[in-house]
Amino acid sequence: MLSVLAHPAYRRLFSAQIVALLGTGLLTIALGLLAFDLAGNAAGTVLGTAFAIKMIAYVGLAPLAQALAARLPRKAVLIAADLVRAGVALSLPFIDAIWQIYLLIFVLQAASATFTPAFQAVIPDILADERDYTRALSLSRLAYDLENILSPAIAGVLLLFIAYSGLFVGTTIGFLASALLVLTTPLPPRSQAERQRPFRERLTRGIRIYLATPRLRGLLALNMAAAAAGAFVLVNSVVMVRGQYGLDDAGLAVAMGAFGAGSMATALLLPRLLDRLDDRPVMIAAGLALGGLTLAHGLYLATSGLLAWGGFLVAWALSGALYSAVLTPSGRLLRLSAHAEDRPSLFAAQFALSHACWLVTYPIAGWLGAAAGLPFTMAVLGVIALASAAAAIRIWPQGDRDPLAHSHDDLPPGHPHLEAHGGRRRHAHVFVIDDEHHAWPTQG
C-alpha cells in the first residue's frame, strides 16, 4: 500500500493531510479546555453547539464554496483555506466570550468546507491508476484513525510542559505546514469547462449528478448507515465507559483505540480485497453487518445487561472495521461517476450530503440517549443503519460499471458525442451524468 507514496506530488499532499489532521486533533482538545475555562460545567453545551455549527457549515457551505472557487487556481484555494484556518487557530487563545468561540468555529469550518472537498478532488487527478487511488484512499483512512489515536497522546505530553493555549500554536503550525506543502506541489489545472460554467450551474451541478446517479444514491444510504452506528460510538462511548462500566479516562482511550484499531485494520486489508471484488458487495455487506451488530448490541444491553469489558472492546473494534469498510471506498465511486471537470463539485456534494447524515444522527445519539436510555438508542440507531444499508441494495443496481445502452434523440446530427460512437443515436458505453446524459437509462 505504501508504494503509492513513491508518487512525489501525492507524497507531499499526503504529508499536508497528516500535519493538518494533527493540528486539528490538538485544536479539538484545546477547544474543550477553553470551553471549560469560559463555561465551567456548561462546557458540554458549548462544545455541542460548536459541533452543531461545524456540521451546519459543512452541509450548507461546501457546494457554495466550491462554486465560488471554481474559477480560481486550485493551489490558491487550498493555501488560502489553510491560512484562514491557521489565523482562526491563532486567534482562539485570545477570546474571552462564548459567542466568539461560535463565530471563530464557523469561520474555521467554512474554511475546512472549502479545503477538504477541493483537496479530495485533486487526488484522483494526480493518481490516474485506480489501484493507486484505492491505496491512497486507504492511507487517508489510516491517517484519520491515527490522528484520533495520536493527537490525544501528543496533547497529553505537550500539556506537561505548556499551558493548553500552546496547543493552538501547534494547530497553527500544522495548518501553515500544510499550506507550505501544497505550495511546493505541482497540481493539475482546472478544466476549461469547469471554469466557464455559470455560477448557478456550478452551485447545483454536483448535487444534481449525485442524486441522478444510482450508485451514489446507494452511497448516500450507506453514509446514513455509517453515521447512525458511528454517532452512537462517538457520542456515547464516554457514557458507556464512565457511566456503565465505571472506568476512568484511560478506559475511554482504550475503547476509542479499539474502534480506531478496527478501522485501521480494514484500511490495510481493503486495497487487496477491492482488487478482487467490486465496491458494491463489499460496502453493502459491511453496512448490513454494521447495522446488525449495532442492533444486536442494543438488544443485548436491553435484555441481558452489559457485555463483559473484553466483549465490549471486541464489539467496538468490529464496529470500527465495518465502519471503515463502508466509507473508505466512497472516493472510488465518486471518481467513477463523473468526468474530471465535474469531480470538484461532486466531492463537495458528497461532503455536504454525508455530513447531513451526521447532522441527523448526532442529535438522535445524544438526546435520545439522555431521554430513553442507551439500550433503546443503540437499537434505534441499529435499525436506522440496517434499513439504510438494505435500501442501498435496491437503489444501487448490480453491474453499474458495465456499458449501458441508451438513445440520444435530443442531440442534433453530427454532434461530437454521436460521431464518437459511429453516428448512432442508440449506443452503449460506461455511463456518467453530464451535459449529454441528463438521466440514468433505467429512468427513461
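The values are calculated or read from the model by the stated rules, or taken from the named source; none is laboratory data. The model shown is predicted, which means the values in this text are computed figures rather than measured ones. Backbone-built Cβ (ideal geometry, glycine too); neighbour counts: all protein chains shown.
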| query | Somewhere in region 401-421, is a residue surrounded by 15 or more Cβ atoms within 10 Å (Cβ to Cβ), touching a Pro at 6+ places or on another chain (Cβ under 7 Å) and either on the phi > 0 side of the Ramachandran plot or not aromatic (F, W, Y) (or both)? | reply | yes
| List the pairs whose first member sits in region 70-97 and is of a type in the set (D, E, K, R), whose second member is part of a helix (DSSP H, G or I), and whose Cβ atoms are under 6 Å apart, counting only residues at least 6 apart or on separate chains? | R71/R195; D82/F175; D82/S178; D82/A179; R85/L108; R85/A111; R85/F175
| note | All conditions in (1) within 30 Å of the chain's Cα centre (by Cα); (2) more than 21 Å from D342 (Cα to Cα); (3) at pLDDT 80 or above are true of T442 except (3)
| said: Given the criteria free of Cβ contacts under 8 Å to residues at least 24 places away in the same chain and part of a helix (DSSP H, G or I), does Q100 qualify? | reply: yes
| field | Unique match (being at pLDDT below 95 and over 22 Å from L203 (Cβ atoms)) among R332, R343 | value | R332
| request: Return only the number of the condition from (1) at pLDDT below 95; (2) closer than 29 Å to P214 by Cα that A390 does not satisfy. | output: (1)
| said: Where the second residue is among the charged types (D, E, K, R) and the first is within 23 Å of Q398 (Cα to Cα) and lies in region 257-282, which pairs have Cβ atoms under 6 Å and are six or more apart or on separate chains? | reply: P271/R135; D279/R332
| query | Do we find that G174 is surrounded by 23 or more Cβ atoms within 10 Å (Cβ to Cβ), assigned to a helix (DSSP H, G or I), modelled with pLDDT under 95 and in contact with a Gly (Cβ under 7 Å, 6 or more places away or on another chain) in this structure? | reply | yes
| From the residues in region 366-400 that are of a type in the set (A, V, I, L, M) and more than 17 Å from G292 (Cα to Cα), which one is surrounded by the fewest Cβ atoms within 10 Å (Cβ to Cβ)? | A371
| field | helices (runs of 4 or more DSSP H) wholly inside region 355-444 that include at least 2 residues being closer than 30 Å to G230 by Cα and of a type in the set (S, T, Y) | value | 374-395
| message | For a quick check of your reading of the model, give me the residue pairs whose first member lies in region 28-43 and is among the aromatic types (F, W, Y) and assigned to a helix (DSSP H, G or I), whose second is surrounded by 16 or more Cβ atoms within 10 Å (Cβ to Cβ) and modelled with pLDDT under 70, with beta-carbon atoms closer than 7 Å and at least 6 apart or on different chains. | response | F36/A43
| request: For S345, indicate whether it is among the hydroxyl-bearing types (S, T, Y), under 25 Å from L270 (Cβ atoms) and crowded, with 17+ Cβ neighbours inside 10 Å. | output: no
| request: Please work out if L72 is assigned by TED's automatic domain parsing to the domain that holds D145 and either under 23 Å from the mean Cα position of the chain (by Cα) or under 18 Å from V169 (Cβ atoms) (or both). | output: no
| query | Can you tell me which of A86, A62, A67, A111 is in the same structural domain as L183 (by TED's automatic domain parsing), touching a helix residue (DSSP H, G or I) at 6+ places or on another chain (Cβ under 8 Å) and more than 29 Å from V326 (Cα to Cα)? | reply | A86
| task | Please give the number of the condition T171 fails out of (1) under 18 Å from L270 (Cα atoms); (2) within 21 Å of the chain's Cα centre (by Cα). | result | (1)
| said: Suppose the filter is more than 27 Å from A57 (Cα to Cα), in contact (Cβ under 8 Å) with a residue 24 or more places away in the chain and hydrophobic (A, V, I, L, M, F, W, C); does L306 pass it? | reply: yes
| task | Exactly one condition in (1) free of Cβ contacts under 8 Å to residues at least 60 places away in the same chain; (2) of a type in the set (K, R); (3) crowded, with 21+ Cβ neighbours inside 10 Å is not met by K54; state its number. | result | (3)
